[in-house]
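In what follows, a single structure is set out as structure tokens and then discussed.
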Amino acid sequence: MPMDLIPFNRPFLAGNEQEYLRQAVDSGRLSGDGSFTQRASALLESALGVKKVLLTTSCTHALDMSAMLLDLQPGDEVIVPAFTFVSTVNAFVLRGARPVFADIRPDTLNLDAEHLESLVTERTKAIYPVHYAGVGCSMEAILSAAKRHHLQVVEDNAHGLFASYHGQMLGTFGALAAQSFHETKNFTCGEGGALLINDPALVERAEIIREKGTNRSRFFRGQVDKYTWVDMGSSYLPSEMLAAFLLAQLEARNEIQRRRRVIWERYDTELAQWAENNGVRRPVIPAGVEQAYHMYYLLFPGLAERTAFIQYMKERGIMCVFHYLPLHLSPMGLGFGGKEGDCPVTEDISDRLVRLPFYTGMSAEEQGRVIGAVKKI
Ligand SMILES: *Cc1c(COP(=O)(O)O)cnc(C)c1O
């Protein structure tokens, strides 16, 4: 009997997506910033306690907007972890700014704030921490270094929606934060994102940059009597269909996060003994951190063990993946002067990390098969 494949990810439908999509289509208003966009942004603003949330076409675009809003430019330096997705870095590289790659902590795999100050120069303008796996970074240390050196903080919170650090929601620490609603994230509309704006001084210009450099948002609010080109910008609004789909997911946030928590905790409990016997490390969640249950990863002793594991699981129809090649050693990173040994923890972790299949709709039977296969190695 052929076994059903267990994919790495499978999108989850919370229930109201198709009904809201139908309503969006029937409304005759398909472009952005209609009622579904307003409802989804308002939900995020109140659930997170953020001044202003602007939905965007992706997290990448929200990050791109952040670099424009902070006026990052050629000659500026930005500190970013070497262990992240390319979008965190492209955002300011597109403006001509230079990445300065920081290493990560061996426990949470987040930016190592202890070595942050050694990377600051008189050209440093911003820090882009990433809340890896939706586990909050050491925000006191990052914010105090930022304050001492007059740096802006932009959180890449693609993994961390609705998680908190010492009681404060992720995405509310920096002047700006970026969310992703890509299919692989906890909440999705296929492709989508949001810019969270905590510094009220940045709101008006963010609306302009998102609307092709025009003051169209103010025009629609009746604050100006015609709209015109006032700044640089691009088109970062998702359509109402995407916002409708997203709203259905966000409204089901308690159910989605509850399911993900059950899956995460089952992996962690049932694999604990096996991991200990095999020199495999499980995720570390520090005290005071409410994580987002975005992923479940394992750290193998070395590259050979990791490669063998992924192959072994694949032969049993179970798709596991690894991610983040060290950015400082990528062709682009080398071009910015990256060298082997610059970020030893990143270089080491990158060879050893595996993500297990993890999706909101994963059945107990599917997860049982994954766990059973792991334990039989
Ligand atoms: C997924 C992801 C992004 C990019 O999100 P998109 O919505 O696909 O643009 C950026 N940063 C991190 C850390 C991510 O995981």
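Any residue that is part of a strand (DSSP E or B) and away from the ligand (no atom under 16 Å from the Cβ) - is there at least one of those in region 135-145?
Scanning region 135-145, I find no residue that is part of a strand (DSSP E or B) and away from the ligand (no atom under 16 Å from the Cβ), so the answer is no.
Being closer than 30 Å to residue 264 by Cβ, assigned to a helix (DSSP H, G or I), within 11 Å of the ligand (Cβ to nearest atom) and out of contact with any Asp or Glu (no Cβ under 7 Å at 6 or more places or on another chain) is the requirement here; does residue 158 meet it?
no
List pairs: first in region 45-60 and aromatic (Phe, Trp, Tyr), second open to solvent by less than 50 Å² (accessible area, probe 1.4 Å) and within 16 Å of the ligand (Cβ to nearest atom), Cβ under 9 Å, 6+ apart or cross-chain?
Hits for this filter: zero, empty list.
Being surrounded by 22 or more Cβ atoms within 10 Å (Cβ to Cβ) and more than 18 Å from residue 327 (Cα to Cα) is true for just one of 160, 75. Which residue is that?
Selected residue: 160, the only one of 160, 75 that is surrounded by 22 or more Cβ atoms within 10 Å (Cβ to Cβ) and more than 18 Å from residue 327 (Cα to Cα).
Check whether at least one residue in region 254-272 is under 19 Å from residue 32 (Cβ atoms) and within 16 Å of the ligand (Cβ to nearest atom), and report yes or no.
Taking every residue of region 254-272 in turn, none turns out to be under 19 Å from residue 32 (Cβ atoms) and within 16 Å of the ligand (Cβ to nearest atom).
Being aliphatic (A, V, I, L, M) and within 15 Å of the ligand (Cβ to nearest atom) narrows it down to one of 111, 119, so name that one.
After ruling out the rest, the residue left standing is 111.
Residue 21: assigned to a helix (DSSP H, G or I), open to solvent by 40 Å² or more (accessible area, probe 1.4 Å) and among the aliphatic types (A, V, I, L, M), yes or no?
So residue 21 fits the description; yes.
Is it the case that residue 251 is of a type in the set (Asp, Glu), more than 16 Å from the ligand (Cβ to nearest atom) and open to solvent by less than 60 Å² (accessible area, probe 1.4 Å)?
Spelling it out, it is not the case that residue 251 is of a type in the set (Asp, Glu), more than 16 Å from the ligand (Cβ to nearest atom) and open to solvent by less than 60 Å² (accessible area, probe 1.4 Å).
Can you say whether residue 178 is assigned by TED's automatic domain parsing to the domain that holds residue 130, assigned to a strand (DSSP E or B) and within 11 Å of the ligand (Cβ to nearest atom), as far as the supplied structure shows?
For residue 178, the condition - assigned by TED's automatic domain parsing to the domain that holds residue 130, assigned to a strand (DSSP E or B) and within 11 Å of the ligand (Cβ to nearest atom) - is met.
Quick check on residue 171: is it modelled with pLDDT under 95, small (Gly, Ala, Ser) and part of a loop (DSSP other than H, G, I, E, B)?
No, not satisfied.
Per-residue answers, yes or no, for (1) touching a Cys at 6+ places or on another chain (Cβ under 8 Å); (2) free of Cβ contacts under 8 Å to residues at least 40 places away in the same chain:
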{"position": "238", "(1), (2)": "yes, no"}
{"position": "247", "(1), (2)": "no, no"}
{"position": "264", "(1), (2)": "no, no"}
{"position": "268", "(1), (2)": "no, yes"}
{"position": "291", "(1), (2)": "no, no"}
{"position": "297", "(1), (2)": "no, no"}
{"position": "304", "(1), (2)": "no, yes"}
{"position": "310", "(1), (2)": "yes, no"}
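Hey, does region 98-109 have a residue that's among the small types (Gly, Ala, Ser) and crowded, with 18+ Cβ neighbours inside 10 Å?
For region 98-109, residues among the small types (Gly, Ala, Ser) and crowded, with 18+ Cβ neighbours inside 10 Å: present.
Looking only at residues in region 272-323 that are among the aromatic types (Phe, Trp, Tyr) and within 27 Å of the chain's Cα centre (by Cα), which one is most open to solvent (accessible area, probe 1.4 Å)?
322
Quick check on residue 95: is it away from the ligand (no atom under 14 Å from the Cβ), over 23 Å from residue 136 (Cβ atoms), open to solvent by 10 Å² or more (accessible area, probe 1.4 Å) and not aromatic (Phe, Trp, Tyr)?
It is true that residue 95 is away from the ligand (no atom under 14 Å from the Cβ), over 23 Å from residue 136 (Cβ atoms), open to solvent by 10 Å² or more (accessible area, probe 1.4 Å) and not aromatic (Phe, Trp, Tyr).
Within region 40-83, how many residues turn out to be of a type in the set (A, V, I, L, M, F, W, C), outside any helix (DSSP H, G or I) and within 12 Å of the ligand (Cβ to nearest atom)?
Counting residues in region 40-83 that are of a type in the set (A, V, I, L, M, F, W, C), outside any helix (DSSP H, G or I) and within 12 Å of the ligand (Cβ to nearest atom) gives 3.
The values are calculated or read from the model by the stated rules, or taken from the named source; none is laboratory data. Keep in mind the model is a prediction, meaning the values are calculated, not measured. Methodologically, a virtual Cβ is constructed for each residue, glycine included, from the backbone with ideal geometry; neighbour enumeration extends over all protein chains shown. Please note that ligands, DNA and RNA were not included when accessible areas were found on the heavy atoms of the full protein model with its side chains. Shrake-Rupley method; radii C 1.70, N 1.55, O 1.52, S 1.80 Å.
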